[in-house]
1. Take the conditions part of a loop (DSSP other than H, G, I, E, B) and within 26 Å of the chain's Cα centre (by Cα) and apply them to ASN132. Does it pass?
2. Please tell me if VAL279 is in a strand (DSSP E or B) and β-branched (Val, Ile, Thr).
3. Quick check: is even one residue across the stretch 288-299 surrounded by fewer than 19 Cβ atoms within 10 Å (Cβ to Cβ), aliphatic (A, V, I, L, M) and assigned to a loop (DSSP other than H, G, I, E, B)?
4. Starting from residues that are over 17 Å from VAL245 (Cβ atoms), touching a residue at least 40 places away in the same chain (Cβ under 8 Å) and not in a helix (DSSP H, G or I), keep the ones in the stretch 50-99 and report whichever is nearest to the ligand (Cβ to nearest atom).
5. Scan the stretch 26-37 and give yes if some residue there is in contact (Cβ under 8 Å) with a residue 60 or more places away in the chain and either away from the ligand (no atom under 15 Å from the Cβ) or under 30 Å from GLY113 (Cβ atoms) (or both), otherwise no.
6. Is it the case, given these coordinates, that TRP21 is more than 11 Å from the ligand (Cβ to nearest atom), of a type in the set (Phe, Trp, Tyr) and not in a loop (DSSP other than H, G, I, E, B)?
Amino acid sequence: MKEQAKVIIIGGGITGCSIAWHLAKRGWTDVLLLEKGELTSGTTFHSVGLVSQFRTSPALMQLMNYSIGLYDQLKAEGADGIGWHKVGSLRLASSPDRLKALQRQVSRARGIGLDVGTITAKEALDIVPFINPDGIEGAVHIPDDGWMDPNGITLEFAKRARELGVAIKTNCRITGITTDGSGAVTHVETNKGTVQTAIVINAAGQWAPRLSAMVGALTPMVPMMHQYVTTRHIPGHELPEQTPVVRDPDNLFYLREEVGGFLVGGFELEPKTWATDGVAWDFTQQLLPEDWELFEPVMEGALRRIPLIERAEVIKLINGP
Ligand SMILES: Cc1cc2nc3c(=O)[nH]c(=O)nc-3n(C[C@H](O)[C@H](O)[C@H](O)COP(=O)(O)OP(=O)(O)OC[C@H]3O[C@@H](n4cnc5c(N)ncnc54)[C@H](O)[C@@H]3O)c2cc1C
């Protein structure tokens, strides 16, 4: 392993690998990314991979808009492994208040040049015929949204970063960060040795607070459980691969196609925290036990809007922090 690097990135999830490549593209190639497990073994490996530009702040909207342009470009360059499905998305308003809120968001989004607009319930039904239109006040259609393979895109970033000279070391855990009297970082300690550096980027996901604590800094973050269910396809009702992502916040669920079946995730009413005293270092490539009680309101909402789901055989409920 290198004994010195201009920049050390802690964490080989999508955040760390994306930062590594973006730094390298700008000429910062003396970069060492350290990952305590394998790449994507934190939260990234079980992400649903939804990509939406329709966010609450203009800054986030612009960031997501950049991401979509980037995924288009990578796909055009032949990076099929990123699994970029530009299928569009529909955000349903199942209450008058939700419609008003969405309309306000639409005008903000248009203000920064995004291609979004509200449509009627009938138009929404034309796009996703499997929904029950009862109570839909309107919807927002975002043609450029989609979903992707979170592992694929992370490995693509890592590959491109390596090609530009970034060093990536897996199974290497940062155990300490040393600073001088003024608080400037001088080196990091790992279970594989010491590396000198002046710049450390904390991209350690749910472990970030523990890393920050090594230099007396506070990262105000609480790990939360988040669940989604996958189903087999229903014979005769297979979802096409081009099925848009559907979000229905009033009914607490989002949905995308997964191998012809449904993937249904939730906006939990009472989300549960997990490992609030710090996530264990050896929690790697792991999930949490299924919590059907927590997921019940999500499933009920999804069934109200899409009764067809009742006929689908459940494969698995994923509970990931
Ligand atoms: C069930 C679920 C579904 C989701 N769906 C979506 C979605 O559809 N769309 C979306 O945008 N987001 C989604 N998210 C959120 C998204 O997955 C995360 O925001 C993202 O994966 C976080 O990536 P990360 O790189 O920041 O963290 P991680 O992937 O957790 O990576 C951090 C890495 O740091 C490493 N690390 C930690 N400590 C150390 C150390 N001391 N030394 C070395 N390495 C260390 C870890 O091993 C880990 O690999 C979802 C999340 C969950 C839980």
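1. On the way: part of a loop (DSSP other than H, G, I, E, B): yes; within 26 Å of the chain's Cα centre (by Cα): no.
When the stated conditions are applied, ASN132 does not pass them.
2. Values: in a strand (DSSP E or B): no; β-branched (Val, Ile, Thr): yes.
No, not satisfied.
3. no
4. In this case the residue turns out to be THR56.
5. Filtering the stretch 26-37 down to residues in contact (Cβ under 8 Å) with a residue 60 or more places away in the chain leaves 29-37.
Going one step further and asking which of them are either away from the ligand (no atom under 15 Å from the Cβ) or under 30 Å from GLY113 (Cβ atoms) (or both), we end up with 29-30.
Yes: one or more hits.
6. Details: more than 11 Å from the ligand (Cβ to nearest atom): yes; of a type in the set (Phe, Trp, Tyr): yes; not in a loop (DSSP other than H, G, I, E, B): yes.
Yes: the conditions hold for TRP21.
Conditions (1) touching a residue at least 60 places away in the same chain (Cβ under 8 Å); (2) under 24 Å from TRP21 (Cα atoms); (3) of a type in the set (S, T, N, Q); (4) more than 11 Å from the ligand (Cβ to nearest atom), marked per residue:
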{"residue": "HIS187", "(1), (2), (3), (4)": "no, yes, no, yes"}
{"residue": "GLN196", "(1), (2), (3), (4)": "yes, yes, yes, yes"}
{"residue": "ALA204", "(1), (2), (3), (4)": "yes, yes, no, no"}
{"residue": "MET214", "(1), (2), (3), (4)": "no, no, no, no"}
{"residue": "PRO223", "(1), (2), (3), (4)": "yes, no, no, no"}
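No value in this document is a laboratory result; all are computed from the given coordinates. The structure displayed is predicted, hence computed values, not measured ones. Here Cβ is always computed from backbone atoms with ideal geometry, including for glycine, and neighbour counts include all displayed protein chains.
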